[in-house]
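Everything on this sheet refers to the single structure shown next.
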Amino acid sequence: MEYRPDAALLIVAHGSTVNADSSAPTLAHAAEIRRRKVFRDVECAFWKEEPSLRDAIFLFDPESIHQVYVVPNFISEGYFTQTVVPRELELNGRITKRSNGQIWKYCEPVGNHPMMTELLLGRAREIAPDIPESDTTLLIVAHGTDLNENSAVAAKREAEKIRALAKYAAVLNVYMEEPPLVSDWRKLTKTCNAVVVPFFISDGLHSYEDIPVLLGIVVAAGVDRGRPGSAPPAAGRGEIFRHNPYTIDNRLLFYAPSIGTDPGFADVIIEQALNAKS
């Protein structure tokens, strides 16, 4: 891949003031892209962490950096990509020319990339490599509710694309807070095996605690350290992904980390930048 000596990459993400793991995938992808030496500089900025989106305007020296590619590390278009990020970065559309001469190109969010389908399939194969897909249901889990309408649409889109490949016995888009509910997975699935992939950018409260409780795997795994149905303490959060498969109602359930933690996101971020409209 050709080195771009006068260009920088800015990866923007939500971040969190309460969950240290929220920014971890974004920082890891930035480190990997930095290692590949595609851009002169690679930086991250967050809505809820430092460096902030507003501070990111001043991250790149206009003497050496003439173009800045801004890639939103978000699953879908929505309030943050359409309103918050442009406002905080003072972007005027897809292309913004700053007073210092820099050209800032605002790219598509990572979740819009066609490679997302293959990443979901790869994550499913990774956690259940020896399970016949013909006897397996793949569940893609998003948040749901009106507050996250676009992420629900994105999960539905990916489920439809994978369903069309006819690899799995069934492919379902399910949600935490709207039908079809992930908590109803026993009713929704008919196969002996189920593979669950959270359609989130990072692991956090939802993937560590909420979804495992809705699936019923916290108690089934024997990792519960509190009252029945409660989640494991913070120190053991990552353990939830290491107990596959879970046996529930004589069926095997495989639970994956959030898709945004996949190393393949580095490739997606680079492509979203290099495919930016001129």
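The values are calculated or read from the model by the stated rules, or taken from the named source; none is laboratory data. As the structure is a computational prediction, the values presented were derived from the model and not from experiment. All Cβ positions, glycine included, derive from the backbone under ideal geometry; neighbour counts span all protein chains shown. To get the accessible areas, we keep the full protein, side chains included, count just its heavy atoms, and leave off ligands, DNA and RNA. Shrake-Rupley method; radii C 1.70, N 1.55, O 1.52, S 1.80 Å.
Worth pointing out:
- Accessible-area order (highest first, 1.4 angstrom probe) of the listed residues Met176, Met1: Met1, Met176
- Rounded if a/c under 1.5, otherwise prolate or oblate - the range 1-133, Cα gyration tensor axes: prolate
- Chain lengthening between Leu27 and Glu118 when straightened (0.36 nm per residue, less Cα-Cα): 30.5 nm
- By a 1.4 Å probe calculation restricted to protein chains, Leu27 has an accessible surface near 90 Å², given to the nearest 10.
- Note on surface exposure: Asp55, Asp41 rank Asp55, Asp41 by accessible area, highest first, 1.4 Å probe.
- Kirkwood estimate for the chain, i.e. one over the average of 1/r between Cα atoms, Å: 19.6 Å
- Multiplying the residue separation of Ile95 and Leu181 by 0.36 nm and subtracting their alpha-carbon distance yields 27.0 nm.
- Taking a ≥ b ≥ c as the square roots of the eigenvalues of the Cα gyration tensor, the range 113-222 is rounded, since a/c falls below 1.5.
- Using alpha-carbon coordinates, inclination of helix 115-127 to the longest axis of the chain, degrees: 40 degrees
- Globularity ratio of the range 86-129, using Cα Rg and 2.2 N^0.38 Å: 1.86
- Between Glu63 and Leu205, the distance separating the two model label sites (each 7 Å from Cα on the Cα→Cβ line) works out to 4.6 nm.
- Rounded to the nearest Hz, the phi-derived 3J(HN,Hα) couplings of the range 240-252 under the Karplus curve 6.51 cos²θ - 1.76 cosθ + 1.60 (θ = phi - 60°) are 4, 8, 9, 9, 5, x, 8, 9, 9, 6, 6, 10, 9, where x marks glycine and proline.
- Antiparallel DSSP beta bridges within the range 35-166, percent to nearest 5: 40 percent
- Counting 0.36 nm for each residue step from Arg36 to Thr247 and taking away their Cα separation leaves a gain of 71.8 nm.
- Taking the inverse of the mean 1/r over every pair of distinct Cα atoms in the range 1-75 gives a Kirkwood hydrodynamic radius of 12.7 Å.
- Simple Cβ-charge dipole of the chain, Lys/Arg +1 and Asp/Glu -1, about Cα centre, in debye nearest 20: 340 debye
- Peptides 253-261, 180-188, 11-19 ranked from most to least packed, by the mean per-residue count of other Cβ atoms within 10 Å: 253-261, 11-19, 180-188.
- Checking every one of the trypsin sites (Lys or Arg not before Pro) in the range 86-146 against DSSP loop status and a limit of 15 other Cβ atoms within 10 Å picks out Arg94, Arg98.
- Accessible area of Trp47 in the full protein assembly, 1.4 Å probe (Å², nearest 10): 90 Å²
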